[in-house]
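The values are calculated or read from the model by the stated rules, or taken from the named source; none is laboratory data. None of the values given here were measured: they were computed from a predicted structure. Glycine also receives a Cβ, built like all others from the backbone with ideal geometry; neighbour counts cover every protein chain displayed.
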Amino acid sequence: MSRYTVFGHDQCGFCRRAKEVLESRGLPFRYVNIHDEGISKADLSKTVGHEVTTVPQIFHGQNYVGGFDALTVYLATEAAA
């Protein structure tokens, strides 16, 4: 099973919610605090492949999922598959 990666920061409510959703489902994930790691939004934009203005930015393995709302849709789609 591929691990999720959540790029965010500690003051972000949607980042906390993304972690909670993944934890509640028992899904493996790595949380990357962009402030602690010195990752700018410009750096994150390069990783994502388009301009990033908000966090969280979430990946499942190498696949870009999006933000918190996209994660909930993605998980619902994965559960239905």
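Could you tell me how many of the residues in the range 22-73 are part of a helix (DSSP H, G or I) and surrounded by 17 or more Cβ atoms within 10 Å (Cβ to Cβ)? Don't jump to the end; show me each part of the working.
Of the residues in the range 22-73, the ones part of a helix (DSSP H, G or I) are 22-24, 41-48, 68-73.
This time we only want the ones that are surrounded by 17 or more Cβ atoms within 10 Å (Cβ to Cβ), so: 22, 44, 68, 71.
The qualifying residues number 4.
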> Going through the range 5-58 one residue at a time, which ones are touching a Pro at 6+ places or on another chain (Cβ under 8 Å) and farther than 15 Å from ASP69 by Cβ?
Replying inline: PHE7
> Which condition does VAL65 not pass, out of (1) over 16 Å from ARG16 (Cβ atoms); (2) at pLDDT 95 or above; (3) over 11 Å from the mean Cα position of the chain (by Cα), if it passes all the others?
Replying inline: (3)
>> Cβ-Cβ under 6 Å, sequence separation 6+ or interchain: first residue in the range 39-57 and free of Cβ contacts under 8 Å to residues at least 60 places away in the same chain and closer than 18 Å to PHE14 by Cα, partner among the β-branched types (Val, Ile, Thr) and outside any loop (DSSP other than H, G, I, E, B). Which pairs?
In response: PRO56/VAL6; GLN57/VAL48
>> Please count how many residues of the range 22-52 are modelled with pLDDT under 95 and in contact with a helix residue (DSSP H, G or I) (Cβ under 7 Å, 6 or more places away or on another chain).
In response: 1
